[in-house]
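S.K.: The structure that follows is given in the form of structure tokens.
The values are calculated or read from the model by the stated rules, or taken from the named source; none is laboratory data. Bear in mind the structure is a predicted one, so any value in this text is a computation, not a measurement. Counting neighbours? That spans all protein chains shown, and the Cβs are built from the backbone with ideal geometry, glycine included.
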């Protein structure tokens, strides 16, 4: 499922910003981008993501914003003495009065230097806490999309069920009619040709059984009910369980299509297959 999460925190003298984007992916793929000083923590970061997310491509980014530290000024006394001595030597040589004032000496390049307070050290506990907050945000985003996907899947499951019910009833009626017609023809042939009526009746029954889709429709109903239950219960590993049920339903529909002869019935099965294909595509994104 797709989603986005972001969190920021200050720890160890650093302000860290963690962002995570997820896109649809059959398995779990994690890409991490972090500053070099955080490289030793990459495996801990990956482990934290794996503990929270089981499906999707996760692009994780960690940036560090070093706060502005107050600068301190350092006076280079050796440089100041050198400047003062040089100014006096020039004054004596040229017969000029006095020398440089204190303000003039301090303003001379290199006499006063500015230094920061030094780089802060990244804090592992702080980073993982920030990551956890980011993953909370990401999971909320993914859950919101999950609600939408769940609604779509339940609608498609209901649509297949609405197509299956009249198909099963119609097939049962048409099978009975065909069985009766075929039996009448067999009885006439048996009488005209002197064939074994019992043997022919058994062959007709076997033929009817090969055309019967009642078992397939019952299994379809069971799979549809199980799929809806998984979605409504938000069960663990629902995505993989749904993927298995989709494969089973594809198999049942293919068997039904091979057995059916009525063109309208075959088209109904094709429509159910189309709905199931859409379900399969969405199920790949369900965690």
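Conditions tested, residue by residue: (1) assigned by TED's automatic domain parsing to the domain that holds residue 238; (2) at pLDDT 85 or above; (3) not in a helix (DSSP H, G or I).
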{"site": "105", "(1), (2), (3)": "no, no, no"}
{"site": "126", "(1), (2), (3)": "no, yes, no"}
{"site": "129", "(1), (2), (3)": "no, yes, no"}
{"site": "132", "(1), (2), (3)": "no, yes, no"}
{"site": "137", "(1), (2), (3)": "no, yes, no"}
{"site": "149", "(1), (2), (3)": "yes, yes, no"}
{"site": "152", "(1), (2), (3)": "yes, yes, no"}
{"site": "157", "(1), (2), (3)": "yes, yes, no"}
{"site": "161", "(1), (2), (3)": "yes, yes, no"}
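S.K.: So residue 113 clears everything in (1) at pLDDT 70 or above; (2) outside any helix (DSSP H, G or I); (3) closer than 30 Å to residue 17 by Cα except one condition, right? Which one?
M.R.: (3)
S.K.: Just to be sure, is residue 257 in a helix (DSSP H, G or I), over 19 Å from the mean Cα position of the chain (by Cα) and loosely packed, with under 15 Cβ neighbours inside 10 Å? Let's see the steps before the verdict.
M.R.: On the way: in a helix (DSSP H, G or I): yes; over 19 Å from the mean Cα position of the chain (by Cα): yes; loosely packed, with under 15 Cβ neighbours inside 10 Å: no.
No, not satisfied.
S.K.: Could you please give the count of residues in the range 19-47 that are within 18 Å of the chain's Cα centre (by Cα) and under 15 Å from residue 123 (Cβ atoms)?
M.R.: Looking only at the range 19-47, we keep the residues that are within 18 Å of the chain's Cα centre (by Cα), and these are 19-32, 45-47.
Next, only the ones that are under 15 Å from residue 123 (Cβ atoms) stay: 45.
Counting residues in the range 19-47 that are within 18 Å of the chain's Cα centre (by Cα) and under 15 Å from residue 123 (Cβ atoms) gives 1.
S.K.: Right, next: Going through the range 227-239 one residue at a time, which ones are surrounded by fewer than 15 Cβ atoms within 10 Å (Cβ to Cβ) and assigned to a helix (DSSP H, G or I)? Walk me through how you get there before you give the answer.
M.R.: Going residue by residue through the range 227-239, those that are surrounded by fewer than 15 Cβ atoms within 10 Å (Cβ to Cβ) are 229, 232-237.
Within the range 227-239, 229, 232, 233 qualify.
S.K.: Give me the pairs: first residue in the range 43-72 and farther than 21 Å from residue 14 by Cα, second residue modelled with pLDDT under 90 and assigned to a loop (DSSP other than H, G, I, E, B), beta-carbon distance under 6 Å, and six or more apart or on different chains, which are they?
M.R.: 54/287; 55/287; 56/25; 57/25
S.K.: List the residue pairs whose Cβ atoms are under 7 Å apart, where the first residue sits in the range 24-42 and is within 13 Å of residue 62 (Cα to Cα), the second is in a helix (DSSP H, G or I), and the two are 6 or more positions apart or on different chains.
M.R.: Pairs found: 32/42; 32/45; 32/46; 34/42; 38/127; 41/124; 41/127.
S.K.: Within the range 41-57, is there a residue that is in contact with a strand residue (DSSP E or B) (Cβ under 9 Å, 6 or more places away or on another chain) and in a strand (DSSP E or B)?
M.R.: yes
S.K.: If you scan the range 1-18, which residues turn out to be in a strand (DSSP E or B) and within 9 Å of the chain's Cα centre (by Cα)? Break it down into steps so the answer makes sense when it comes.
M.R.: Taking the range 1-18 as the starting set, the residues that turn out to be in a strand (DSSP E or B) are 3-11, 14-18.
Correct list: 3 only.
S.K.: Among the residues of the range 75-93, is there at least one that is in a helix (DSSP H, G or I), on the phi < 0 side of the Ramachandran plot and in contact (Cβ under 8 Å) with a residue 40 or more places away in the chain?
M.R.: Looking only at the range 75-93, we keep the residues that are in a helix (DSSP H, G or I), and these are 77-93.
Next, only the ones that are on the phi < 0 side of the Ramachandran plot stay: 77-93.
Still in the running and in contact (Cβ under 8 Å) with a residue 40 or more places away in the chain: none.
Among the residues of the range 75-93, not one is in a helix (DSSP H, G or I), on the phi < 0 side of the Ramachandran plot and in contact (Cβ under 8 Å) with a residue 40 or more places away in the chain, which makes the answer no.
S.K.: So which of 195, 167 is modelled with pLDDT under 90 and not in a helix (DSSP H, G or I)?
M.R.: Details: 167 fails: not in a helix (DSSP H, G or I).
Within the list 195, 167, the selection yields 195.
S.K.: Take the range 1-39 and flag every residue that is surrounded by fewer than 17 Cβ atoms within 10 Å (Cβ to Cβ) and at pLDDT 90 or above.
M.R.: 4, 6, 8, 17, 23, 29, 31, 33
S.K.: Same structure, new question: For the range 260-272, how many residues meet the condition of being within 30 Å of the chain's Cα centre (by Cα) and surrounded by 17 or more Cβ atoms within 10 Å (Cβ to Cβ)? I'd like the intermediate steps shown before the answer.
M.R.: To start, the set of residues in the range 260-272 that are within 30 Å of the chain's Cα centre (by Cα) comprises 270-272.
Of the ones still in play, those that are also surrounded by 17 or more Cβ atoms within 10 Å (Cβ to Cβ) are 272.
Within the range 260-272, residues that are within 30 Å of the chain's Cα centre (by Cα) and surrounded by 17 or more Cβ atoms within 10 Å (Cβ to Cβ) number 1.
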